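Engineer: After the structure tokens below, expect a handful of questions from me.
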Amino acid sequence: MFDPHRLGWVLAMRTMIGLLLPLILARLLDLPALAWVGIGAYLLAIGDCMDDGDHQQPLRLAIGSLLGGLALATGVLAGASLPLAVAGMLVWGVLTGLLGVYGNAFATMALPVAWAYVELGLPSADHALSTALFMGSLFVLGGGLTLVLTLTLRIGGPYAVVRLKAAACYRALTTYCAADEETGPISSETRVRAAIADARRTAAEIRGRAPGSSRVGQQSLVLVEIADRLFSLAGALREDGCLPPSRFRQATTALAAALEGRYAKESLRALASEIAHTRARSLPVQAAISAEIERRMGRALYHALLIAAGDEAPPSSLAQPAPLARLSQLFAPLVGCLGRDSVVGRHALRFAVVCAAAVVVFWAFPKPFGYWVPLTATVVLKPYAGTTLARAVQRIAGTTAGILVGMTLMPLLPSPALQLALVSVAFFCMMAVLPFNYSLAIFFLSVGLIPFEHILTPGLKQDLGLLRLAATAIGALLALVGGHLLWPTFESRTLPTLVRASLVSVGAYADQVLGALEGNRELAAVAEARRRAGSDTTDLQSVLQRTLAEVGSKPGLMVASLRASTALQRLMRTLNALMNAAPALAQPWSGLKHFRTAFVAALSELAAVQPGLPVSVLRAPIPASMDPDNAVYLDCMLERLIFEFEMLRDALCEKPHTLP
């Protein structure tokens, strides 16, 4: 469904300003070269579409601008001959492919660097050194314009509303902590609960609209969770007839103001330091309980203040690494890509070879639009074969529909002003939908590109769209062939390893949960086991989803993996329910230790591709209890564990779907 809330309005706004401002100035000042500034700003804005609000966005734009300017300059020089053009593409293909080792955002920013070489540099008619330096400088200037617009046109970012909702939680919490008597029809307790629920709902909605995880969004949601914890602790104090000290109300007020941008970070750090130095007092039992609750509130507030101040950890007195050590850390990921088993390393080589082949086709393609062939190859070819196929389908579908619409509209646009108006609308819509729908973005790009090429190169024939469609088909075909024949990476081959990793981590989590039912509850160990098991099962689900688009994947393997992942998810849900009930059930249950040992051993044997213990061995020692209600609940939950284990065992060991 089309959701207008997911549109990247800010990204589209700053992209269009970066493109149109130089174009307008170029026409007003009669300086056609300024158009290259706008094109550079536009391409780099596309490369910045993966930003998630972290602190590396300016760095990525700076790196993309400098590398793009250098790539454009070398493209101008290499465009003098086919051997030089191919050699340059091999070099820049490897370099841009390796940038993916620093994350998806850097991988996306690497694309404008490759485009600067094949789209702007190679098609140049003048291959002089002065022209290369001049055009490269204009591209860097366009990157500087994008950087300035990015820093000035944030408008709070997509997670600004989550920060405001978190601030509302702390304002309501301040009122709750200070209230001696309830006033009005709605209690302060209800206001806190409503604020926390609203903040969580908003965070979930925005996360669903975003292209990826966000550091800012994570921080805001963590602050909401800390507010919920403080609310529980404050409620415990109120039940004892106590109110939190004024320092805690001061901290919640400061947090609300900080989230609204009205409180200095230095003041937050100072307040966190004051709270950190609070010591528990030696008091009678009842007073000591209240003091312990206050201590826990202080610890939670300390973390909240540091997070709001932007500090992920308290200041360290350890010496900073030497410059050489920092430099080695920077290049360490690249060194790790040199092995043949590296997905990023193989993709970089594949990317370079495929794009070099596309440059050869570009050389024979009708001028001056042969660059569309390598341009398509750069965006279609992905590290995994399945995602390459999916991107090829999206690219061809969006391009075909957009070209048909663009060619239909061109006879209705006789003047450059009308053509520029269509370009502006189409490109704005493209950037608005790019974060969440690639095929729709390519549709708008193709609609606007037809009149845009007529603006840049007057006198073009009307069959321009057909040339673009042919180039897109050739580039997509090259990417598909290269992605499936040149050192291909099929994610389906990693499924057995991921299933086993999930089995091991879920087994460790089951051991912790069943131990908690016996009264052996170590919160840190349980939390770590749950985090690792959840991460492994989520990774398995993500990879399984992507492998559905792979060509040649084994149906039996896919069926077994799908069944196993489903069983693992259900197993995790049952374990989570048992963990939540552990405080009420924890006691020395007779026979539970034996069940725990047998169940964890059975999961371990499945991870080793063994059929596992007979189900009867698991079912025999289900413990009994003196409490009938607890016994019924525990019997039901352990029976569910056994049932889900059977599902898992059947998925992994049943012929012909046995995982290798």
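Values quoted throughout were computed directly from the atomic coordinates according to the rules given, and no laboratory measurement underlies them. Owing to the predicted nature of the structure, the values given are computational and were not obtained by experimental measurement. For neighbour counting, all protein chains shown are included, and Cβ atoms are generated from backbone atoms with ideal geometry for every residue, glycine included.
Engineer: Would you pull out the residues with amide H under 5 Å of G370's amide H, same chain only if 5 or more places away, H placed 1.01 Å from N?
Structural biologist: For G370, no residues qualify.
Engineer: Let me ask something else about it. Order these peptides, 365-371, 268-274, 128-134, 161-167, by their mean beta-carbon neighbour count within 10 angstrom, highest first.
Structural biologist: On the way: 365-371: 16.6, 268-274: 18.3, 128-134: 14.1, 161-167: 23.4.
Going by the mean number of other Cβ atoms within 10 Å, highest first, we get 161-167, 268-274, 365-371, 128-134.
Engineer: Between segment 338-407 and segment 451-492, what is the C-alpha centre distance in whole Å?
Structural biologist: Measuring centre to centre over Cα atoms gives 7 Å.
Engineer: Looking at the square roots a ≥ b ≥ c of the eigenvalues of the Cα gyration tensor of segment 77-135, which shape do they give, rounded for a/c under 1.5, prolate if a/b is larger than b/c, or oblate?
Structural biologist: Numbers: a/c = 3.10, a/b = 1.93, b/c = 1.60.
Cα axes put segment 77-135 in the prolate bin.
Engineer: Also: Explain nothing, just the number: dipole magnitude of segment 329-478 about its Cα centre with +1 on each Lys and Arg Cβ and -1 on each Asp and Glu Cβ, in debye rounded to the nearest 20.
Structural biologist: With only Lys, Arg, Asp and Glu charged at Cβ, the dipole is about 300 debye.
Engineer: State to the nearest 20 debye the size of the charge dipole of segment 7-160 about its Cα centre, where the only charges are +1 on K and R beta carbons and -1 on D and E beta carbons. Display every interim value, and only then the final one.
Structural biologist: Numbers: 4 positive and 7 negative charges, 24 e Å.
The dipole of segment 7-160 has a size of about 120 debye.
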